[in-house]
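Here's the structure, in structure tokens; my notes come after.
The values are calculated or read from the model by the stated rules, or taken from the named source; none is laboratory data. Keep in mind that what you see is a predicted model, and the values were worked out from it rather than measured. No Cβ is skipped: glycine too gets one built from the backbone with ideal geometry, and neighbour counts run over all protein chains shown. Just so you know, the surface numbers come from the protein's heavy atoms only, side chains and all, with ligands and any DNA or RNA stripped out. Shrake-Rupley method; radii C 1.70, N 1.55, O 1.52, S 1.80 Å.
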Amino acid sequence: MAVRTRARATWEAVLTDRYATWRTHPLQERTVLYEAFGGNGMLDNPEALFRYLLDQPDMTDLEHVWTLDDLERHPDVVAEFADHPRVRFVATSSAGYFKALATAKYLVNNATFQPRFAKRPGQVYINTWHGVPLKHMGYDMPEGGPESRNIVRNFLQADYLLSANGFMTDTMYRSAYRMQGVFAGAVLEEGQPRIDRMVRALADPEGTRGRLREAGLDVGDRRVVLYAPTWRGESFSAPWVNAAQLLATVRELQQSVDSEHVVVLLKVHQVIYDAVRERVPDCDFLVPHDVPTNVVLAGTDVLVTDYSSIFFDFGPTGRPVVHFVPDVEEYAGSRGVYLRPEELRGPVCSTVPDLHKAVDAALAGDPIGALDGLDGEQPAHPAFDSPMDGNVCERVVDVTMRGRPESGYRVFRDFGTEKEKLLVYLGSLKSQGITTSALNLLRHLDYDRFDVTAFYPYSRGRDRRRNMDLVDPRVRVVPRVPVFAATRRRRREETKNLMVKGLPETFTRAHVDFWTTEWQRMFGASRFDHLIDFSGYGCYTPFLYSVVEADHKAIWLHNDMYADMQRETENRHLEDRLNAVFSTYRRFDSLVSVSEELDRVNQEKLAAYARPEQFTFAVNTMDAERVLRMAGVAGDDTPDDTNVDPGVAAASRRAAGAPARVSVPTDNIAAAMSVLLEHYQPRDVIREARSRARLTRAPSSSGTVTFVSVGRLSPEKNHTRLIRAFAKVHEQSPHTALVILGGGDLEPQLHELVLSLGLTDAVTLAGQVDNPYAIMREADCFVLSSDYEGQPMVILEARTLGLPVVTTSFSSVRDSVPEDAGVVVPLSVKGVADGMRRFLAGKVPASTLDAEEYNRRAMEQFYAAIGAPVRVDDPS
């Protein structure tokens, strides 16, 4: 696997080099590059535009380049244009492909270009898309943000997005893909070019049937019932190939009709066509994927579909549509749909007998094939309004290539917003304090005032995916894949700058070009009012921000940054890297420490890198409701010494998706599990069990006093001091236990220390757990032994749970632990041990955090730090 991974990375680097090299060549002003479904054929809207342009007298100087995934897989279309002097084909990811992608003036795609694609100045990108949406798209889907990452990037880079109607513009572009507020191009709402193909095919029924026969479909003179379902599965990149189910449906339909006069054909989605063809190689009813869908529709008498947008194209023909949706409730509840069943045109069937009945009725002449209980009325819905005059291609080319005034067409550039636009880099999203703070911040932003976009490195890792899922759903996320549109030499140079040399005093042309290209690749022509690097530990984001204008730029300092730079690590990698980060500080308006005391420390130690007026502070927010919910604290379970609002607890239960109270049998684990699975997903039950299973003994077992500490196992946390201090306490008070939650490189050394001190029965190194709060709640006292911290969120979380706190006296400690909330002890083994003894003696105070007031002050500080202070007339 490692060899394959390295080989893949090497090949990807070669491809990027090809593309980047051609980007230095001049644009070919009269060249058009077409791509449909990632090179899956000459298809859909791009094909319609291509054939229109090829026939236009004023476009005879255009050179047309088509992308195909494999030229040998498409012999018919290659042969059709083999002798055409202005048409050529290139294989996806070939040298010719990257030349065309980098130098063609016009780019036409109905889906997306590769992640390395960055539109050059002067290129015109026309994204036609491939249908009016019925099923949920973009951010409306489960995990829609991360799954739509490349679509969003492509849309942001497009000059024109084509739309069939206002429903598609508003539902898909403005809302589902959240272009409203950030899209700088135009939506051309003049219909789908592929409809022109259907108009011409409808006018030539004999030619259309001849095209079907040429494709190997035995239609003869029979009427055609076309079954055209959408793809299934959780991800477009990993669809579920339900070939057996599809074939069974087609065969049952064929048996239910008069085969002498009716034939049933199957048209599957492009994403599963190859897999279905492999399973039924000799099938004579599977429509080849290189036959344009709208040509097939023109030859169709009755369409049977489910959630596919194909029926929007078919609707204007006036021919009957039957919707076969046996899983309608499940699908609507998981993926989701924009139209209710009663809003669809034609009957909606959930069983095979009803399907047969509806198809028979449609073939018999009922215009919609109404079933019993349906009134047969055609619903009026804006989703069905789409031009079908045969002139869509002409209007699209008029605007995008002929330069006709936009005022004569349905062109929309109203994608601005009155809100302030905020772009924030969240960091790696590894489970750590910075990630927790970033996620908490997103939950507390004023979304009536701010349009918020966030980005982070995309990852398939379980830990990061879990944190990706926790990003506030109101945020527009643009996950970044690790690729630059630059040559290997330039990537090496910039990597050295990022990791060692830092930001140059004076920007070179090479610097500006490199990072302007990266901004274009990520965000197109979008611009933001506020740019925030919430991570603060890398140079990628400061370098990226260096080439774009904004009203205010801010970077977060989550720690004593100079002390962090000097931290002892195996390779001392932080010294060079943080020196490089420090070099970017002069380019920011605000350097935001996460506590007032930390601001003083950083201002003093980093004076050589920034002016005094750049330094400020804003404490991190916290999500008390989530902490309580994950700890299992709700309603009557709230500890007596907390002041949690019962309404908050009730909201926590609602957010968890569980009823207020359920009875769980305690004498039968299988029965108990059945009850749990009625209210929680299996993965959530497993995750919680996994967290508890990491403990070798349960906290707070009978007669035992349990101390708990949470944090990554790294030098500055100084768990060695904590374990040695606990050893002294345990020697005098053997009824004590210590649980340490967190993972890190020091775990083996700490295990050795525990063993050498004879504490294996008293100290548990539980490692990284998914839910630390449930374990913290069962402990008696929270202990932190760090040498330095920025603002330790875990102390605030412990206080939310009502835990007494013992902590070392790092510089910013009093921002988290006031006098009545715990005890602060010296940075020594003796100091920590004395603090733990004071708790055992009942001399450590505890007060529950007033989360609402705390967060109010935190957000006031945040808005001031980013140059957007709370307005006096703001009712909040």
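Identify all residues within region 826-868 that are under 18 Å from residue 735 (Cβ atoms), in a loop (DSSP other than H, G, I, E, B) and open to solvent by less than 40 Å² (accessible area, probe 1.4 Å); write none if there are none.
844
Quick one: is residue 479 open to solvent by 10 Å² or more (accessible area, probe 1.4 Å) and under 15 Å from the mean Cα position of the chain (by Cα)?
Criteria not met by residue 479.
Quick one: what pairs do we get from region 253-264, first residue buried (at least 16 other Cβ atoms within 10 Å of the Cβ), second of a type in the set (Gly, Ala, Ser), C-beta under 8 Å, 6+ apart or different chains?
263/220
Return the residue satisfying two criteria in turn: it lies in region 546-559 and is over 25 Å from residue 597 (Cα atoms) and in contact with a helix residue (DSSP H, G or I) (Cβ under 7 Å, 6 or more places away or on another chain), and of such residues it is most open to solvent (accessible area, probe 1.4 Å).
That would be 547.
Can you tell which of 67, 24, 92 is open to solvent by less than 10 Å² (accessible area, probe 1.4 Å), modelled with pLDDT of 95 or more and of a type in the set (S, T, N, Q)?
67
Those residues that are over 24 Å from residue 283 (Cβ atoms) and in contact with a Pro (Cβ under 8 Å, 6 or more places away or on another chain), I need them from region 197-229; list them, please.
197 - this is the single residue of region 197-229 that is over 24 Å from residue 283 (Cβ atoms) and in contact with a Pro (Cβ under 8 Å, 6 or more places away or on another chain).
Scan region 531-541 for residues that are open to solvent by less than 10 Å² (accessible area, probe 1.4 Å) and within 22 Å of the chain's Cα centre (by Cα) and jot them down.
Within region 531-541, 531, 532, 533, 534, 536, 541 qualify.
Just to check your reading of the model, which residue among 517, 506 is more than 19 Å from residue 422 (Cα to Cα), open to solvent by 10 Å² or more (accessible area, probe 1.4 Å), at pLDDT 95 or above and β-branched (Val, Ile, Thr)?
Checking each option against the conditions leaves just 517.
Here are some conditions: (1) hydroxyl-bearing (Ser, Thr, Tyr); (2) open to solvent by less than 10 Å² (accessible area, probe 1.4 Å); (3) touching a Leu at 6+ places or on another chain (Cβ under 9 Å). Residue 160 meets all but one. Which one does it not meet?
All conditions pass for residue 160, except number (2).
Mind listing whichever residues of region 43-64 are open to solvent by less than 10 Å² (accessible area, probe 1.4 Å) and at pLDDT 95 or above?
If the condition is that a residue be open to solvent by less than 10 Å² (accessible area, probe 1.4 Å) and at pLDDT 95 or above, then 45, 46, 47, 48, 49, 50, 53, 59, 62, 64 are the ones that fit.
Test residue 619 against the stated conditions and say whether it is part of a loop (DSSP other than H, G, I, E, B), within 23 Å of residue 712 (Cα to Cα) and of a type in the set (A, V, I, L, M).
yes
Inspect all residues belonging to region 684-694 and state whether any of them is surrounded by 13 or more Cβ atoms within 10 Å (Cβ to Cβ), over 29 Å from the mean Cα position of the chain (by Cα), at pLDDT 60 or above and not in a loop (DSSP other than H, G, I, E, B).
Scanning region 684-694 turns up at least one residue that is surrounded by 13 or more Cβ atoms within 10 Å (Cβ to Cβ), over 29 Å from the mean Cα position of the chain (by Cα), at pLDDT 60 or above and not in a loop (DSSP other than H, G, I, E, B).
Hey, does region 117-136 have a residue that's over 21 Å from the mean Cα position of the chain (by Cα), of a type in the set (Val, Ile, Thr) and in a helix (DSSP H, G or I)?
no
Does residue 225 fit the bill of being aliphatic (A, V, I, L, M), over 30 Å from residue 460 (Cβ atoms), open to solvent by less than 40 Å² (accessible area, probe 1.4 Å) and in contact with an Asp or Glu (Cβ under 8 Å, 6 or more places away or on another chain)?
Against the criterion (aliphatic (A, V, I, L, M), over 30 Å from residue 460 (Cβ atoms), open to solvent by less than 40 Å² (accessible area, probe 1.4 Å) and in contact with an Asp or Glu (Cβ under 8 Å, 6 or more places away or on another chain)), residue 225 qualifies.
Find the helices (runs of 4 or more DSSP H) located wholly in region 268-340 whose residues include 2 or more that are open to solvent by 20 Å² or more (accessible area, probe 1.4 Å) and out of contact with any Gly (no Cβ under 9 Å at 6 or more places or on another chain), and list them.
273-279, 328-334
Kindly evaluate residue 383 against the criterion of being assigned to a helix (DSSP H, G or I), modelled with pLDDT of 90 or more, surrounded by 20 or more Cβ atoms within 10 Å (Cβ to Cβ) and small (Gly, Ala, Ser).
In short, no.
Just to be sure, is residue 806 among the β-branched types (Val, Ile, Thr), crowded, with 24+ Cβ neighbours inside 10 Å, over 35 Å from the mean Cα position of the chain (by Cα) and not in a helix (DSSP H, G or I)?
Spelling it out, residue 806 is indeed among the β-branched types (Val, Ile, Thr), crowded, with 24+ Cβ neighbours inside 10 Å, over 35 Å from the mean Cα position of the chain (by Cα) and not in a helix (DSSP H, G or I).
Within region 755-801, which residues are in a loop (DSSP other than H, G, I, E, B) and aliphatic (A, V, I, L, M)?
757, 759, 762, 769, 779, 801
Just to confirm my filter: which strands (runs of 3 or more DSSP E) fall fully inside region 1-103 and include at least 2 residues that are free of Cβ contacts under 8 Å to residues at least 40 places away in the same chain?
Here the list reads 63-68, 87-91.
Of everything in region 707-718, what is within 8 Å of residue 785 (Cβ to Cβ) and open to solvent by 10 Å² or more (accessible area, probe 1.4 Å)? Give them in sequence order.
717, 718, listed by residue number.
If we scan region 635-658, do we find a residue that is closer than 25 Å to residue 741 by Cβ, touching a Lys or Arg at 6+ places or on another chain (Cβ under 8 Å), at pLDDT below 60 and open to solvent by less than 40 Å² (accessible area, probe 1.4 Å)?
yes
So which residues in region 68-86 are of a type in the set (Lys, Arg) and over 16 Å from residue 96 (Cβ atoms)?
73
Quick test of your reading of the structure: residue 607 fulfils all but one of (1) in contact with a Gly (Cβ under 8 Å, 6 or more places away or on another chain); (2) not in a helix (DSSP H, G or I). Name the failing condition by number.
The single condition residue 607 does not satisfy is (1).
So which residues in region 42-67 are out of contact with any Pro (no Cβ under 9 Å at 6 or more places or on another chain) and more than 15 Å from residue 97 (Cβ to Cβ), if there are any at all?
Across region 42-67, the qualifying residues are 50, 51, 53, 54, 55, 56, 57, 58, 59, 60, 61, 62.
Out of 625, 596, 604, 570, report the one residue that is at pLDDT below 90, surrounded by fewer than 22 Cβ atoms within 10 Å (Cβ to Cβ) and not basic (Lys, Arg).
570
From the residues in region 227-276 that are under 19 Å from residue 134 (Cα atoms) and hydroxyl-bearing (Ser, Thr, Tyr), which one is modelled with the lowest pLDDT?
Step by step, filter region 227-276, then rank; the result is 235.
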